[in-house]
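**Q** Let me give you the structure first, and then I'll get to my questions.
The values are calculated or read from the model by the stated rules, or taken from the named source; none is laboratory data. These figures come from a predicted structure and were not determined experimentally. Cβ placement follows ideal geometry from the backbone for every residue including glycine, while neighbour counts extend to all protein chains displayed. Only protein heavy atoms, including side chains, enter the accessible area calculation; ligands, DNA and RNA are left aside. Shrake-Rupley method; radii C 1.70, N 1.55, O 1.52, S 1.80 Å.
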Amino acid sequence: MDFNMKKLASDAGIFFTRAVQFTEEKFGQAEKTELDAHFENLLARADSTKNWTEKILRQTEVLLQPNPSARVEEFLYEKLDRKVPSRVTNGELLAQYMAEAASELGPTTPYGKTLIKVAEAEKRLGAAERDFIHTASINFLTPLRNFLEGDWKTISKERRLLQNRRLDLDACKARLKKAKAAEAKATTVPDFQETRPRNYILSASASALWNDEVDKAEQELRVAQTEFDRQAEVTRLLLEGISSTHVNHLRCLHEFVESQTTYYAQCYRHMLDLQKQLGRFPGTFVGTTEPASPPLSSTSPTTTAATMPVGPSGAGLAPPGEAALRLEEVAPPASGTRKARVLYDYEAADSSELALLADELITVYSLPGMDPDWLIGERGNKKGKVPVTYLELLS
């Protein structure tokens, strides 16, 4: 008990000394040990990394789960170390309502049949969204959260300890400065004509006491400087580790982009399949019997390439009955050819298709009656079908 009281008193004294030093620094009444410029840059970069990581994390959570109540519920489950219950996505819920509506309104009617088809597509979209949320949470959100709750807490703890060591060091410097000033004043030899012998003796005794005080202050300063230097090195190593954090977050960001790309690619395929089931293709007008907009022709090559790496959903070079058309016998039109940049690598499915490499330039053109999702691509003496979704058409 006695030991604990002594420790408590000692801690209280240290805390009071630090508080006095901190207050005097704020009022400009005490000197402050400044850190070097490189160390300050490391601190600024660490703070910036922490702040932007928090913002990116919070906004990604909003992207994956726009409902704030659901986010709060998931947060509470995580804090309680309990498994988050499975939640029906909006797409799956819409699919359920559409299926129930079709069952009640008549599944054999045109409206009911369409509701069933759309419900199946929405269900697949909901499942794709669920997979995307799960993948993004593991590959992207979890590493960011681990940094904030793990590495950053360690850095903050060591920074606070460094701040305390710096306050102790500056307090020791101030104490030594005051002791030397008092010693210099006490060692001044008094004039015997104006001072009594008794005062001279007292002055000599005070000088010896201040000399001991200076020695003690110098020893405390050496100890404080050593502890400050050691803590500064530990903190510096942790701050330099932010570079590794950036590398890790970069890898996680790539994985997030890959999962997001896969998700939107699946959505595109599901909706394209739904359009085909409904007998409507891109360019048709809902509610009319107008034919679909004409495919990309040799005289009007204005189709814009999609920027999603989606494989073709099944397309032919020509209408039924012309499948035997030989590509080597197809001559490019006199006008209407365009240059295109390949966005993604593409592996040819058969000999009629042309394999593509990302960022290469090829010549493309269309033929009358050709599926609008495909073009004829030429590279040197090689020729074959290429999917439009893998291309960026250049002017």
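**Q** Within 11 Å, Cβ to Cβ, of residue 220, how many net charges do the neighbouring residues add up to if Lys/Arg are +1 and Asp/Glu are -1? Spell out each step's value before the answer.
**A** Working: positive: 173, 175, 216, 222; negative: 168, 213, 215, 218, 227.
Neighbourhood net charge equals -1.
**Q** Further, regarding this structure: If you average over every viewing direction, what projected area does the convex hull of the Cα atoms of region 337-394 give, in nm²? Kindly include the intermediate steps, with their values, before the conclusion.
**A** Details: hull surface 14.7 nm².
That works out to 3.7 nm², a quarter of the Cα hull's surface.
**Q** Quick check: net charge around residue 346, other residues with Cβ under 14 Å of its Cβ, Lys/Arg +1 and Asp/Glu -1? If you can, show how the numbers build up before the last one.
**A** Values: positive: 341, 379, 382, 385; negative: 345, 347, 350, 353, 359, 360, 373, 392.
My count for the surroundings of residue 346 gives -4.
**Q** What ranking of 58, 166 comes out by heavy-atom accessible area, probe 1.4 Å, highest first? Spell out each step's value before the answer.
**A** On the way: 58 125, 166 10 Å².
Per-residue accessible area, sorted high to low, gives 58, 166.
**Q** Here's a follow-up. What ranking of 370, 271 comes out by heavy-atom accessible area, probe 1.4 Å, highest first?
**A** Numbers: 370 5, 271 75 Å².
Highest to lowest solvent-accessible surface, that is 271, 370.
**Q** Continuing with this model, one more query. Ignoring everything but the protein chains, give the 1.4 Å probe accessible area of residue 215 in square angstrom, nearest 10.
**A** 80
**Q** Percent of accessible area on region 337-394 owned by carbon and sulfur, 1.4 Å probe? Write out the running numbers ahead of the final one.
**A** On the way: 1360 of 2700 Å².
Its accessible area is 50 percent carbon and sulfur atoms.
**Q** Here's a follow-up. For residue 32 and residue 361 in the same chain, what is the full-extension length gain: residue separation times 0.36 nm, less their Cα-Cα distance, in nm?
**A** Numbers: separation 329, 0.36 × 329 = 118.44 nm, distance 6.21 nm.
So the extension gain works out to 112.2 nm.
**Q** Among the lysines, which fall within straight-line cross-link reach of residue 113, defined as a Cα-Cα distance under 26 Å, with same-chain neighbours fewer than 8 residues apart omitted?
**A** Candidates past the 8-residue exclusion: 123, 276.
**Q** Each residue of region 49-61 in turn: what ³J(HN,Hα) in whole Hz from Karplus with 6.51, -1.76, 1.60 and θ = phi - 60°, glycine and Pro shown as x?
**A** With coefficients 6.51, -1.76 and 1.60, one gets 4, 5, 5, 6, 5, 4, 5, 5, 4, 5, 6, 5, 4 Hz.
**Q** Across region 364-378, in residue order, what do the Karplus-derived ³J(HN,Hα) couplings come to in whole Hz, using 6.51 cos²θ - 1.76 cosθ + 1.60 with θ = phi - 60° and x for Gly and Pro?
**A** Running phi through 6.51 cos²θ - 1.76 cosθ + 1.60 with θ = phi - 60° gives 10, 7, 10, 10, x, x, 7, 4, x, 7, 10, 9, 8, x, 10 Hz.
**Q** Using the Cβ atoms and a cut-off under 12 Å, what net charge is assigned to the surroundings of residue 359, where Lys and Arg are +1 and Asp and Glu are -1? Can you show the working numbers first?
**A** Working: positive: 341; negative: 345, 360, 392.
Taking every Cβ under 12 Å from that of residue 359, the sum is -2.
**Q** Still on this structure, please answer the following. Taking θ = phi - 60°, what integer Hz values does the Karplus form 6.51 cos²θ - 1.76 cosθ + 1.60 yield along region 252-259, in sequence order, with x for Gly and Pro?
**A** Each residue of region 252-259 in turn: 5, 5, 4, 5, 5, 5, 5, 5 Hz.
**Q** Follow-up. Please calculate the 1.4 Å probe accessible area of residue 133, with all protein chains present, and give it to the nearest 10 Å².
**A** Accessible surface of residue 133 is approximately 50 Å².
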